[in-house]
Amino acid sequence: MAKLKLRGKELRKIGYPESSVVGLAMQIMHQHYKHSKKDEALSILKDILAQPDKYENHEILGPIANEFIEVYEVIQEQKEINTVPIPYKTYGGQHISDAAKQQMDVAMKLPITRAGALMPDAHAGYGLPIGGVLATENAVIPYAVGMDIGCRMCMTVYDVSPHVIGQHKRKLEIMLHKNTRFGLNGMFEDPNDHEIFERKEFREIPFLRKLKNKAYNQLGTSGGGNHFVEFGIVNLLEVNEFNMPAGQYLGILSHSGSRGMGANIARHYTKIAVEKCYLPKGAQHLAWLDLHTHEGMEYWMAMNLAGDYASACHHDIHRRLSKELGHRPQLMVENHHNFAWKEKLSDDTEVIVHRKGATPAGKGVLGIIPGSMTAPGYLVRGKGNEHSLNSASHGAGRQMSRTKARESITHSFLKKQLKEHGVTLIGGGLDEAPQAYKDITKVMDAQKELVEVLGTFTPKIVRMAKD
């Protein structure tokens, strides 16, 4: 007889909440009811959900029932959200889906929310929409930071003519193959050491201790999806604080985050937040952690560690490539866009500003806003617009889901687009085709009051994870 095999989504379908009770129930059923039929097992679990008191003292099923009794006690203390969202500024609203706007409306109803803004590249995500900026009082929302904590852009510019891209194209392709790794199992055989691994958080937080070895092995690597490392042409538009004259230069641009460590931190603390902060249906993914609590302070420390780790990964990538090129960069610009910061509103109120897929754009702050594999990215200086909470978009933003892109874009069409723009693609897939993204020029037009453009980066050799 086949052994019982339950999945979390099957339990959630019959009404089990997103909490530790799902894992506990699966463990007990797989151990003690392993020869039961799935329908029978789900029927038992459904009955426990409906009548936990009936099973409270059951020798095997009692622990599940007791979890529910505790959950119901929390439900009785369900946190209320406001009926009307706090007003917020939307940039480029004509390019933003209703689903993303609705998610932002829910976030603006939270009792902890003090201000917010929606960037022109926004699209629907989990909890806070990607492109959403949310200021809260003394609370941090793991899903408003995002799964890939500290995901960031990093650009290095070399005092080298970009003509080398055409002259030594094959050599640069080999450099990217040799010095970059992508995806779940992407690691170097000889990872470099880094001072990040001496951080006290790895010693003081037991959960992080378990993640250290994998983080060490993944240093200098990039995730899948829309993460990339690319050679391109940097066009500086004016003489500025970089002490470099206007003109064209060779550049390297990378986009990636905190790898498995960040994803595990996000999952772990989101689960804690959901269990401790029970919200009405539709708002559960916006569960928060109070920064005065142990869990809140622990997440804050873990988030900052993940952000610094993401930066260390980018620096490792650029060091490797600079060494191969035989040139030192004249300029490096980088910024997070999945993170939370302690900042102050115009009335001097201290808040936690979550930027989930949004670029910091305080007055004078430099950042990178990428386009697509065939569209230029932008080097920008923030204008410090308080209505956007000192933020700007983090890219062009998706206009097609990954599934829709795979179904509606062909490989031949993608190849044609790449050829027309003179771009060589290593790896990548149809879900990252340029047509899956909004027009970056329209996105930039919608945020002229947020950032000043200092230059552009045009991709020419793009390295991504395999499809």
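The values are calculated or read from the model by the stated rules, or taken from the named source; none is laboratory data. In this text the structure is predicted, and so the values were computed from the model without any measurement. Here the Cβ positions follow ideal geometry from the backbone for every residue, glycine too, while neighbour counts run over all protein chains shown.
Looking only at segment 388-442, residues that are of a type in the set (Ser, Thr, Tyr), in a loop (DSSP other than H, G, I, E, B) and farther than 24 Å from residue 148 by Cβ come to 1 in all.
Among the conditions (1) modelled with pLDDT of 95 or more; (2) crowded, with 20+ Cβ neighbours inside 10 Å; (3) assigned to a helix (DSSP H, G or I); (4) under 17 Å from the mean Cα position of the chain (by Cα), the only one that residue 285 does not satisfy is (1).
Checked against (1) buried (at least 17 other Cβ atoms within 10 Å of the Cβ); (2) closer than 29 Å to residue 456 by Cβ; (3) not small (Gly, Ala, Ser), residue 218 passes all but a single condition, namely (2). The single condition among (1) in contact with a Gly (Cβ under 9 Å, 6 or more places away or on another chain); (2) at pLDDT 90 or above that residue 238 does not satisfy is (2). Evaluation of residue 317 against the conditions (1) part of a helix (DSSP H, G or I); (2) over 30 Å from residue 159 (Cβ atoms); (3) over 17 Å from the mean Cα position of the chain (by Cα) shows that the sole unmet condition is (2).
Taking strands (runs of 3 or more DSSP E) as the structural unit, those lying wholly within segment 81-185 and holding at least 1 residues that are in contact (Cβ under 8 Å) with a residue 40 or more places away in the chain and charged (D, E, K, R) correspond to 113-123, 152-158. Pairing residues of segment 456-467 that are part of a strand (DSSP E or B) with residues that are of a type in the set (D, E, K, R), at Cβ distances under 8 Å and at least 6 apart in sequence or on separate chains, gives 459/230; 460/230; 461/169; 461/173; 461/230; 462/230; 463/230; 464/432. In segment 45-65, which residues are more than 11 Å from residue 6 (Cβ to Cβ), part of a helix (DSSP H, G or I) and hydrophobic (A, V, I, L, M, F, W, C)? Within segment 45-65, 48, 49, 50, 64, 65 qualify. Pairs are defined by a Cβ separation below 6 Å, a sequence spacing of at least 6 or placement on different chains, a first member in segment 1-27 that is of a type in the set (Phe, Trp, Tyr), and a second member that is not in a loop (DSSP other than H, G, I, E, B); the pairs so defined are 16/22. When each of 381, 319 is tested for being among the basic types (Lys, Arg), farther than 27 Å from residue 448 by Cα, at pLDDT 95 or above and out of contact with any Pro (no Cβ under 7 Å at 6 or more places or on another chain), the lone residue that passes is 319.
Beta carbons closer than 7 Å, at least 6 apart along the sequence or on distinct chains, pair a first residue in segment 258-286 that is under 15 Å from residue 297 (Cα atoms) with a second that is among the hydroxyl-bearing types (Ser, Thr, Tyr) for 269/299; 270/143. Take the conditions in a loop (DSSP other than H, G, I, E, B) and over 20 Å from the mean Cα position of the chain (by Cα) and apply them to residue 364. Does it pass? Yes; evaluated as a whole, the condition is true for this residue. Does any residue of segment 375-393 turn out to be surrounded by fewer than 18 Cβ atoms within 10 Å (Cβ to Cβ) and hydroxyl-bearing (Ser, Thr, Tyr)? Scanning segment 375-393 turns up no residue that is surrounded by fewer than 18 Cβ atoms within 10 Å (Cβ to Cβ) and hydroxyl-bearing (Ser, Thr, Tyr).
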